[in-house]
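Quick one: the structure is below, questions incoming.
Values quoted throughout were computed directly from the atomic coordinates according to the rules given, and no laboratory measurement underlies them. In this text, all values refer to a predicted model and were calculated from it rather than measured experimentally. Glycine gets a Cβ as well: all are built from the backbone with ideal geometry, and neighbour counts include every protein chain shown.
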Amino acid sequence: MSLLRYTDLRVGFRQDGSVVEAVTGVSFSVEKGETVALVGESGSGKSVTALSSVNLLPDTAEITGSITYQGQELVGASEKELRKLRGNDISFIFQEPMTSLNPLHTLEKQLSEVLLIHHGMTGTAARVRVIELLEQVGIHDPESRLKDYPHQLSGGQRQRVMIAMALANDPELLIADEPTTALDVTIQAQILELLRELKDRLGMSMLFITHDLNIVRKIADRVCVMKDGEIVETGPTALIFDNPQHPYTQMLLAAAATGRPDPVPEDAKVVAETEKLRIWFPVQRGFLRKTVGYVKAVNAASFSVREGETVGIVGESGSGKTTLALAMMRLISSQGPVVVLGQDIQGWSNRQLRPLRADMQIVFQDPFGSLSPRMTVAQIIAEGLSVHKVEGYASSEEAVIDIMREVGLDPETRHRYPHEFSGGQRQRIAIARAMILRPRLLVLDEPTSALDMTVQVQIVELLRKLQVTHKLAYLFISHDLRVVRALSHKVMVMKRGDVVEAGDADVIFDAPKEAYTRALVAAAFDLKVEEGAGL
Amino acid sequence: MTLSPLNQRRWRNFRANRRAFWSLIIFSILFGLSLFAEFLANDKPILVQYRGGYYMPIFKFYPETEFGGDFRTEAVYRYAEVQCLVETGGMVDCFDDPDTLIEDAKDGVINGDKIEKGWMLWPPIRYSFNTQVEGPGAAPSAPTSQNWLGTDDTKRDVVARVIYGFRLSVFFTLIVSVLSSFVGIIAGALQGFFGGRTDLIFQRILEIWGAMPSLYVIIILFAILGRSFWLLVMVTILFGWTALVGVVRAEFLRARNFEYIRAARALGVSNGTIMFRHMLPNAMVATLTMLPFIVTGNIGTLASLDFLGFGLPSSYPSLGEMTLQAKQNLQAPWLGFTAFFTYAIMLSLLVFIFEGVRDAFDPRKTFR
């Protein structure tokens, strides 16, 4: 008998009287001690499939079909029965470690709550078990951390605590919903290793949901590939990777940002440069706001970027790469020269900067947050035209249509609102908004991180094409080394505000000098934990 | 004007809430009718035909001499003498025995002579809010066929006062709500957008302002400047604008870190445009959620001030004043019941409407 078996599961969501089908007839099973991966792009229904098992879906969901856990039917089961399963036999780990823990409770309280609910464990017994659990998930010196609050932990540690909570009741089945997506590459490798080890030691089964095929290859025994609410292909991991049958699986496997950027001519002009740029935020205390210290976001960063050239800035979260980019755009204050098109714009007022803004533009990470939901696409793209003049167009309408065609959007859709577009299309809109002003320098702040692999590839291609046509200088920020490799001429590795290593991309990737760079490269390309890298 | 898809969805959601939708229709009809209160309850006729000429006393002053009377003051149309003059075409005998003459004039012939018969078109209620009702009985007098809800303690028709009072209350709350929201949104927007020191100083000013005893200030101002409608409007705004500052400020503080705000800044868009085009729409939903409390609160403020005797001048048709009379004249229950039902219906309708509006703007609410 399978541990968990889905038979022809269908899930629909009611909205405004009509039902939108998210999952259309999914059947698969998870055997004891097995890891099954559900893979698919965003919107393929993989999370909905997982959450429907113990009915964690909103009230508007309509579930039909059958889900059995050790022979017990779960579809239509009473809330009381389901609650007994949740957290006890079936545990969950979610994507976002920041919001999955209650910020007002200490670690001990969060963990012992689980023990109290399902086992009635209190006092010393609970405390001993909590310490044991924290040890199990690799938190050092757990006794001293019991009274810590979530904000005192790093992202990786929080995810470890989440795993400890999920393991508290020795579950038979662990459902992990993109547990490493929000983490840095090096932490991601550590968490994956931990999960695999725990699964073997405790004899659990695991249902692993992810969009990243590299992770699947590392961790799963069997793979189910989902597309538009259906499983299009399923089989043992090795078989699927070596010999994919379905065209969609083949496309997913082939989707990786490859290639190298076009070389830059020797005599290309410098568009932007800086020398020992420092960004320190003062920490002020007391009544007189005396400066008692600094948060050192960036220490002494130097680089220059030429026409048609891309400088990639890589590093983990908190390394100061976005801060550096915002300082180059003069959106936050900094100390040191900021030279754009030969002029040092440090200390210029907003009014002075305004004409120059057309020459330096920025594209943000989150394609959902960076477009105003209350404006049509045409209004969003044309916004810059209300401030700056662009030569060669009779009307802003014409300019919008032209730029939409250039970034690969259908100009007919310009009167729609952002929510009607997919993530990749939204990112194209954001690029169009920046490109309509014909900038010389484009800062790209993680433009591909929130996108599916196949869409990432398309955006990378678009960026490459735009760079060649318009001789653009890119400042490309990403934690995704594959994309950086595909786009950058030069690379700068940052760690906690310091530039660890900088130079030509090929040199950095093929022969990294610093231990930290080596660890990053190993984690990103092989999902391996490099020992002794001082992480 | 076409609505955006978002607004279309909101309108659909609002329509789906039948209680709110019907409340809106009923309230619109009531308020629409009360806008034409002069045609519903007035002591002057709408149209007069006298000797072949047409007169509109509702808009224009006519001395009694115009209709063949003696006085050069305005004709008092509800007097039998004036009615007789109009209907008989200005016969002098009207001053002696108007009632018989009016009876006689119905067939158009008096004493064998043909007369120039005239007529008057009256509103359904022949009293304005300040018309003294003649006739026997002590004030306040009980409901009769003439005074449907009786009269108040100075013998004024209660129905007429309710119609005018309703209009005045709604007008007052609309003016005050719109103006104080306007001020509040601007103040909240500036605080939230600039944050930091501006925000800090402004917040302290607000705290001091909020601690002011508004009732005393109103009493003192009225004592110095004399009571008037517009002074009351001004004072209510003066103490009411702070209601929205909190939510708008919070929305702006939240929105100023959005990426699309940052993108607009990178495009070089000016502060004013960013606030107006990008951030204000975000604050509107929160504002709309607060608005019902402001609107009903202002009606309550007006009522309580009137009730305490510090509100509108006594010549105004005030529902609060009627409530005060009801308290002083418990032997006249029609006053109390009328005041209670008027307020209950008016406030319930408003609350139902805004409840529907708030739900319609809630993106997480699903309607089946």
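Using the count of nearby Cβ atoms within 10 Å as a rough guide to exposure, how do B:194, B:307 rank from fewest to most?
Neighbour counts put them in this order, fewest first: B:194, B:307.
Let me ask you something else. Tell me which of A:277, A:264, A:249 sits at the most positive position along the dipole axis of the range A:230-288, charges placed on C-beta atoms (Lys, Arg +1; Asp, Glu -1).
The Cα lying farthest towards the positive end belongs to A:277.
I need the GluC sites (Glu not before Pro) found in the range A:327-428, filtered to DSSP loop residues with at most 13 other beta carbons within 10 Å of theirs.
Sparse-neighbourhood loop GluC sites (Glu not before Pro): A:391.
Distance check, please: which entries in A:46/A:80; A:84/A:147; B:60/B:106; A:147/A:276 exceed 31 angstrom between their Cα atoms?
A:147/A:276
Out of all DSSP beta bridges with both ends in the range A:420-535, state the antiparallel percent to the nearest 5.
Of the beta bridges lying entirely in the range A:420-535, close to 55 percent run antiparallel.
So what's chain B giving for Rg/Rh, alpha carbon basis, Kirkwood Rh from the mean inverse pair distance?
That ratio is 1.11, to two decimals.
Write down the percent of antiparallel bridges among all DSSP beta bridges whose residues are both part of the protein assembly as shown, to the nearest 5.
Expressed as a percentage, antiparallel bridges in the protein assembly as shown total about 60.
Express the relative contact order of the range A:96-168 as a whole percentage, based on alpha carbon pairs under 8 Å and six or more residues apart in sequence.
Across the range A:96-168, relative contact order equals 46 percent.
Amide H to amide H under 5 Å from residue A:106: which residues, 5+ apart in sequence or cross-chain, H placed 1.01 Å off N in plane?
Amide H neighbours of residue A:106, under 5 Å, 5+ apart: none.
Enumerate cysteines in the protein assembly as shown without a disulfide-compatible partner, where compatibility requires another Cys Cβ under 4.7 angstrom.
Isolated Cys, the protein assembly as shown: A:224.
Still on this structure, I have one more. Charges at C-beta only: +1 for Lys and Arg, -1 for Asp and Glu. How large is the resulting dipole of the range A:246-285 about its Cα centre, in Debye rounded to 20?
Here the size comes out at about 380 debye.
One-quarter of the Cα convex hull surface for the range B:29-130, in nm²?
If I average the Cα hull's projected area over directions, I get 7.1 nm².
Out of all Cα-Cα pairs in chain A, roughly what percent, to the nearest whole number, are more than 33 Å apart?
Of the Cα pairs, 49 percent sit more than 33 Å apart.
Determine how many Å³ per residue the convex hull of the Cα atoms of the protein assembly as shown encloses.
Enclosed volume per residue, from the Cα hull, is 260 Å³.
Would you kindly give the portion of the calculated P(r) for the range A:96-168 that falls above 18 Å, as a percent of all Cα pairs?
28
Taking the beta-carbon count within 10 Å as an exposure proxy, list A:400, A:387 from fewest neighbours to most.
Going from sparsest to densest Cβ surroundings: A:387, A:400.
Just to be sure I understand: of the beta bridges DSSP finds with both ends in chain A, what percent are antiparallel, rounded to 5?
55
If you rank A:47, A:53, A:317 by fewest surrounding Cβ atoms within 10 Å, what's the result?
The most exposed by this proxy come first: A:317, A:47, A:53.
When the label point is put 7 Å from the Cα of residue B:362 along its Cα-to-beta-carbon vector, which residues of the range A:21-64 have a backbone N closer than 15 Å?
So the set is A:59-60.
So, with +1 on the Cβ of K and R and -1 on the Cβ of D and E, and no other charges, what is the size of the charge dipole of the range A:51-128 about its Cα centre, to the nearest 20 debye?
Roughly 320 debye for the range A:51-128.
Choose one of B:79, B:17, B:137: the residue whose Cα lies farthest towards the positive end of the charge dipole of the protein assembly as shown (beta-carbon charges +1 Lys, Arg; -1 Asp, Glu; about the Cα centre).
B:17
Report the charge-dipole magnitude of the protein assembly as shown in Debye, nearest 20, computed about the Cα centre from +1 at each Lys and Arg Cβ and -1 at each Asp and Glu Cβ.
1900
Filter the DSSP H helices in chain A by two things, a Kyte-Doolittle mean of at least -0.5 and an axial alpha-carbon span of 24 angstrom or more, and list the hits by number.
A:185-202, A:453-470
Could you pull out the longest piece of chain B with no exposed loop GluC sites (Glu not before Pro) in it, calling a site exposed if DSSP puts it outside H, G, I, E, B and it has at most 16 other Cβ atoms within 10 Å?
B:135-368
Which one, B:353, A:42, A:497, projects farthest toward the positive side of the charge dipole computed for the protein assembly as shown from Cβ point charges (K/R +1, D/E -1)?
It is A:497.
In nm, what is the difference between 0.36 nm times the number of residues separating residue A:151 and residue A:109 and their Cα-Cα distance?
13.7 nm
What helices does chain B have that are whole DSSP H segments, at least 18 Å long along their own axis by Cα, and with mean Kyte-Doolittle hydropathy of 0.5 or more?
B:18-35, B:158-194, B:242-255, B:280-308, B:333-361
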